[in-house]
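Here the structure comes first, spelled out in structure tokens, and everything after it is commentary.
The values are calculated or read from the model by the stated rules, or taken from the named source; none is laboratory data. Note that the coordinates shown come from a computational prediction; the quantities given were computed from them, not determined experimentally. Note that we place each Cβ from the backbone using ideal geometry, even for glycine, and neighbour counts take in every protein chain shown. To get the accessible areas, we keep the full protein, side chains included, count just its heavy atoms, and leave off ligands, DNA and RNA. Shrake-Rupley method; radii C 1.70, N 1.55, O 1.52, S 1.80 Å.
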Number of protein chains: 2
Amino acid sequence: MRRAKPIILGIAGDSGSGKTTLAQGIIQILGPEIVTNICIDDYHKYSRAQRKETNLSALHPDCNYLDILQSHITELRRGGAILKPVYDHQRGDFALPEYVLPGSFIIVEGLLGFYNKKLREIFDLKVFLDPEDFLRKTWKVQRDISQRGYSSEEAENTVYRRAEMSARYIAPQREHADIVLNFYRPGELPQETGSKLNAKMILRPTVRHPDFSELVEENPGSEENCLSFTLGRDSGTPVDLLHIQGNIRQNTMESTAKIILDNLPEAGPTSIAGTGRYLEGKTQKTSYPLALTQLLISFYLHKLKLNR
Amino acid sequence: MRRAKPIILGIAGDSGSGKTTLAQGIIQILGPEIVTNICIDDYHKYSRAQRKETNLSALHPDCNYLDILQSHITELRRGGAILKPVYDHQRGDFALPEYVLPGSFIIVEGLLGFYNKKLREIFDLKVFLDPEDFLRKTWKVQRDISQRGYSSEEAENTVYRRAEMSARYIAPQREHADIVLNFYRPGELPQETGSKLNAKMILRPTVRHPDFSELVEENPGSEENCLSFTLGRDSGTPVDLLHIQGNIRQNTMESTAKIILDNLPEAGPTSIAGTGRYLEGKTQKTSYPLALTQLLISFYLHKLKLNR
């Protein structure tokens, strides 16, 4: 049985940049039952042990079945099913494949999603995660230790060993994104790595961006306004910047979210329950700026669906 | 990297009808390095234990990912790679998937290859194996015991339990084949199950059949001639029948094979080494009629490639 053509979101970014965390909240908003989530790590060619033996990095494009990934997303876009390979991060090895059908939305997240032209052409919206390097390294080490069974030393080493590969293969994908998402520490909180971070979305003219002015204007000039627009430059080119303040209060976040939700199509999401969640080690925490980012990207996806 | 569009042979038939045995010799003739062999059993949904629990049969179309199979063959036909699932018959369970690229020829063999229209449309040539029921049951029980770890009782039971399913799902595929291949016992050898069996190929007008008359006429009227043509009826419809005698001598088989090989394109196969092999229990034996059958089907495939 074939279904309607799904909307496909690509999330790329370096290891530890928050791809899965971002995706999880978007899935919650859109509705887990209508979202298919594909993690590109499942398309690794080699197990952790094999990579160690041969001194290959999972970051290298040749260490991933990007051709199979492309053909799988194409099949899902067409409405067909796939047998998705499965990589188990805990064991660093493969498990049996899973039968996967396309939902109304497909989220594809991973290191190399925008690596080649054929992959880039598949996505309806491309988001690149580009947090401050300090944050990404902290997040990655925390995650590798608490969730992937690495020792502290192994985790630190991985960051170090990957730097060159990352510069060569991951960073160049940034320029192909429609939206670059940057989390950064507010000047007054140099040690912050969690819920109080500011977020900035760079909006490139490669997709039609929804009219956010409505959202901001309905809450005009108030100190309570946690979203703001400015013009800025990115690699020399003028861009729109959407700023989300890190020190939002819950009330403000909720009233802003309500305005966004009210602007969504009728059949769309009605609640932000389950958004903004992230893990600090093994502890689950909540970030309001993250929640708003997830809501805004979901807003994009619903607008894309509406305008198809 | 994309390659030239391959020629795709489908082989269908009941469990134990000789699909793999037939395919192996064809692969030898065409050249293993340019053939991709897909066994549909790899697309089972459930392990043997799961099937036992739920009392489902691997013969049931719903117990196989026929949608994935179709999308995989389509991708191979396009020149792309697939991650093929793997079912291990010895263990009756799945193994990790394999990365598979298309060769110049693709052979897809299994129980349900012609089950639905979309599958049938993929093949350039469709062969249905329809040996005498007595032979098929004998072959199946032998195979299940010696190669798949069944007890004698289990193997006999399987044949019995499968009869209804087989009539419902396997047998109806016969009518969709371009060639029906029938091995049968000569009247004077009622106990024969191996190398002395006669073979008969029913040639339906659904594909353009090569001009076999050349092959036969070059060896006219001689007692040594082991191939002959007659007209016949199949389910009431007139058809061409190609008969291969079971009691061929090696010399005759080799001279007939030489005529066929000489009629093949220059870049084609030049030897029948490795053909006609089959297993009786764990012992490898050779059948000349089987070898000629494999050569004739390879002849078809090369003619199809030439005329593409």
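Points to keep in mind about this one:
- Listed residue (B:L112, B:P97, B:G246) projecting farthest to the positive dipole end of chain B, Cβ model: B:P97
- Accessible surface area normalised per residue over the protein assembly as shown is 46 Å², counting heavy atoms of protein chains with a 1.4 Å rolling probe.
- Placing a label point 7 Å from the Cα of B:P190 along the Cα-to-Cβ direction, the distances to the matching points in the other copies come to 10.0 nm, shortest first.
- A simple spin-label model places the labels of A:D133 and A:L231 3.1 nm from each other, with each point 7 Å out along Cα-to-Cβ.
- Chains B and A together, accessible area buried on both sides, 1.4 angstrom probe, square angstrom: 1500
- Net length gained if the chain between A:L279 and A:A167 were fully extended (0.36 nm per residue, minus Cα distance): 37.7 nm
- Cα-based radius of gyration for chain B, normalised by 2.2 N^0.38 Å, reads 0.98.
- Fully extended contour minus Cα-Cα distance, from A:T270 to A:E192, at 0.36 nm per residue: 25.0 nm
- Shape category assigned to the protein assembly as shown from the gyration tensor of Cα positions, a/c cut at 1.5: prolate
- Heavy-atom accessible area ranking, 1.4 Å probe, most first, across B:T270, A:T283: B:T270, A:T283
- With the label put 7 angstrom out from Cα along the Cα-to-Cβ vector, B:N55 ends up 6.0 nm from the copy partners, going from closest to farthest.
- Inter-copy label distances at A:R78, shortest first and taken from points set 7 Å along Cα to Cβ: 0.5 nm.
- The modelled label-to-label distance for the pair B:E154/B:L56, using points 7 Å beyond Cα in the direction of Cβ, is 2.0 nm.
- On a per residue basis, the convex hull of the C-alpha atoms belonging to region A:249-308 measures out at 83 Å³.
- B:E156 - accessible surface, heavy atoms, 1.4 Å probe, Å² rounded to 10: 100
- Nearest-0.05 FRET efficiency for B:R120 and A:E254, computed from C-beta distance (R0 45 Å): 0.20
- Within the accessible area of chain B (1.4 Å probe), percent carbon and sulfur: 48
- Where chain B is carried onto chain A by rotation, the Cβ closest to that axis, with its residue and distance in Å, is B:P97, 3.
- Viscosity 1.567 mPa s, temperature 4 °C, Stokes-Einstein D of region A:114-216 from Kirkwood C-alpha radius, µm²/s: 81
- For region A:7-307, a simple Cβ point-charge model (Lys and Arg +1, Asp and Glu -1, everything else neutral) yields a dipole of about 660 debye relative to the Cα centre.
- Low-density loop positions, trypsin sites (Lys or Arg not before Pro), region B:32-94 - DSSP coil, at most 14 other Cβ in 10 Å: B:R91
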